[in-house]
Structures are given as structure tokens and as C-alpha cells.
Amino acid sequence: MTFEQSIVVGNVVVPALIGLVACVIAALISGRTSAAPNGIADATSPLRPRSLIAAAVIAIGWLAAVTVSMSMRQGWQWWPEDAWRQAVWPLLAWTVWGIAATAPQVRSKPEYWILAGLLAGVTALRAMPADESWADTFPFHRTWMMAILASCLVNIRIVDRVSQRGGSRWSLLIALAALGGPMALAASAYASLSEWAMSIIVATAVIAIAGIAFARIPAWVVAPATLASAAGLVAAGRFYSYEEHPTWLFGLLLFGPAIVGVVDGLIDTKSTTVRVVVAGAMSGAIVAISAYQIMA
């Protein structure tokens with residue numbers, strides 16, 4: 001197998017297949033009588049146990065897709081030296097958090113969002129390269145840790161609100177678009193990082209498409225982990241890159257989903273078609289502007 005073929009298999013075919021299998025299993029478990037579209041119930045609606053199990057299948061499938069893909073290309077280590085590869089463990093925590101978010105009784109509690117803040121802090125901590133060879137970057141760590149923490153919390157909360165305002169079937173597309181700019185940044189900085197970003201995009205895309213096509217597939221469950229991975233990719237791309245990029249670009253990369261979600265809140269009385277078109281156009285514009293600035 002050539003190098004290019006191994007990339008296609010490891011970063012496209014494998015995560016796509018794992019994501020697809022997870023979607024099929026989740027659809028079979030959910031059946032035709034999910035408590036709410038996409039497995040997201042409001043605070044007054046009971047959540048069927050099978051919907052929670054389906055959400056767990058989707059979330060675990062997504063995590064397996066991105067982890068297996070990275071292991072195929074980089075080899076498996078419980079605690080790798082590269083900080084960006086250690087992100088598997090915060091993503092595991094976000095996966096569990098996302099599964100719990102499908103239960104409205106849990107999702108509405110303030111302490112649940114306090115836990116999200118702690119997870120965002122751990123994500124920020126693990127995103128920073130900390131060995132002595134990176135000593136010259138240590139002065140930037142405090143600023144970037146705060147930026148990643150804020151990115152995780154703000155984006156997840158605002159995209160969560162989009163899903164609760166009738167966007168549960170398509171809100172994952174906002175998180176998917178959030179990976180476009182970080183992918184471009186990773187591609188300009190570090191090949192291995194861009195390969196992992198590709199596998200995250202493929203796994204998320206498969207689940208997002210399935211969530212739109214079939215209401216009983218709880219696609220939103222992977223949105224928190226996807227948004228957290230996007231923030232981590234931005235940080236890794238920043239520190240592995242030798243290129244200087246303007247501050248506004250990193251702000252756009254880190255908070256693009258929040259911008260889209262805020263605009264959606266202003267038009268949430270419009271039809272679903274209008275909301276999807278506006279969200280898609282804004283997300284596409286953010287990706288295009290970011291990619292152009294990075295690649296120019």
C-alpha cells in the first residue's frame with residue numbers, strides 16, 4: 001500500500017465506516033418512536049432509554065472512529081509525547097458529557113455546565129505543548145488556555161441553544177463547519193495533525209448527514225466533542241506553525257460557531273429552511289475567509 005493509499009484508508013475509509021456502522025446501530029436501537037427528534041428532548045419531556053443508548057452508540061462510534069484512525073497512522077500510546085495526541089482523553093470526557101446531555105433532567109442543571117467548564121479547562125491544559133523544547137512558547141500559554149476554555153464553553157453552549165430551538169437535526173453541521181478552518185491551519189503546520197483533523201471531519205460528516213436524513217439518529221451528541229476538538233486543533237496549529245497569523249483569524253477560528261449561533265438566535269422565528277441557509281452561508285464564509293488567510 002502506498003503512502004497516499006494508507007492516508008485514504010486510515011483517515012477517510014476507516015472513520016467513515018465506523019461512523020456509518022454506529023449510525024446504523026443507533027437507528028435500529030431508536031426504532032421509529034424516539035421521544036424527540038435527534039434524541040434531544042426538552043426539560044419537560046421524558047427520554048426513552050433506547051434514545052439514550054442510541055446516543056451512546058453514536059458518541060462511542062465517533063470517538064472510536066477518530067481514535068482508531070489516529071492509531072493506524074501514528075500508533076497507539078496511552079500517553080503520547082505530543083500534546084495534540086493526548087487530546088484523546090479530554091475528547092473521551094466530552095463524549096461522556098455529550099451522552100449525558102441527551103437527558104433533559106441532566107442538561108438543565110447548572111452544575112452540569114460547571115462540569116463543562118472543568119472539562120474545557122482540562123482541554124485547554126492538554127492542548128498546550130509543555131515539554132522543555134517548547135519553553136520559548138510558555139509566555140503565550142496563559143492567553144491561549146483562556147482562549148481555548150472560552151471557545152469550548154461559548155461554542156458548545158450556543159450550539160446547544162441552536163439545537164433546542166428546533167435545530168437538533170442540523171446543528172451538528174455548524175460544528176462540522178468549525179473544523180474547516182482548523183483543518184487548513186493544521187495542513188499548513190503539521191502533516192500528522194492535518195491527517196487527524198481529516199478523520200475527525202469525515203467521522204463528523206457521516207454522523208451529521210445521517211442525523212439530517214433520519215430524525216431518530218441522535219447526531220447532536222457528538223457536537224460538544226467536535227467543537228472541543230476544533231479548539232484543540234486551532235491551538236495545535238498555532239504552536240506547530242512557523243507562520244505568523246493575525247489575531248482576528250484565531251478569534252474567527254475559535255468562535256466562528258458562536259457567531260453563527262448568535263445570528264441564528266436572531267432569526268429563530270423564521271422557517272427551518274431559512275435558518276439552515278443562513279447558518280450554512282455564514283459557516284461557509286467563515287471557512288473560506290479562514291482558509292484564504294491561512295493559505296495566502
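Full extension of the chain segment joining VAL21 with ALA285 gains 91.9 nm, where the gain is 0.36 nm per residue of separation less the Cα-Cα distance. Taking 0.36 nm per residue of separation and subtracting the Cα-Cα distance, full extension of the segment from VAL274 to SER192 would add 25.7 nm. Ratio of Rg to Rh for the range 146-296: 0.96 [Cα atoms; Kirkwood radius as inverse mean 1/r over pairs]. Largest GNM mean-square fluctuation across LEU266, LEU249, LEU52, computed for the chain with C-alpha springs under 10 Å, falls on LEU266.
I need the per residue convex hull volume for the range 220-270, using only the alpha carbons, in cubic angstrom as a whole number.
Cα-based convex hull of the range 220-270, divided per residue, equals 74 Å³.
Does anyone have the angle between helix 138-162 and the longest principal axis of the chain? Alpha-carbon axes, 0 to 90°, nearest 10? Helix 138-162 sits roughly 20 degrees off the main axis of the chain.
For the chain, the longest principal axis of the C-alpha atoms and the axis of helix 14-30 are separated by about 20°. Across every direction, the projection of the convex hull enclosing the Cα atoms of the range 237-296 has a mean area of 4.3 nm². The order of VAL21, VAL66, VAL276 by accessible area, most exposed first and with a 1.4 Å probe, is VAL21, VAL276, VAL66. Here the spin labels are modelled as points 7 Å beyond Cα on the Cα-Cβ line, and at PHE140 and TRP89 they lie 2.4 nm apart. The alpha carbons of the range 146-209 occupy a box of 38, 32, 12 Å along the principal axes, longest dimension given first.
Angle between the Cα long axis of helix 272-295 and the longest principal axis of the chain, 0 to 90 degrees, nearest 10? Tilt relative to the chain: about 10 degrees. For the chain, the Kirkwood estimate of hydrodynamic radius, built from reciprocal distances between every pair of different alpha carbons, is 19.0 Å.
In the chain, the sites counted are chymotrypsin sites (Phe, Trp or Tyr not before Pro) in DSSP loop states with at most 11 other Cβ atoms within 10 Å, and the longest stretch holding none of them, exclusive of the sites, is 79-241.
Taking Cα centre as origin and charging only the Cβ of basic (Lys, Arg, +1) and acidic (Asp, Glu, -1) residues, the dipole magnitude of the chain rounds to 1200 debye.
The values are calculated or read from the model by the stated rules, or taken from the named source; none is laboratory data. A quick note: this is a predicted structure, and the numbers were derived from the prediction, not measured. Neighbour counts run over all protein chains shown; Cβ positions are idealised from the backbone, glycine included. Each accessible area value is taken on the protein alone, full model and side chains, heavy atoms only, with ligands, DNA and RNA left out. Shrake-Rupley method; radii C 1.70, N 1.55, O 1.52, S 1.80 Å.
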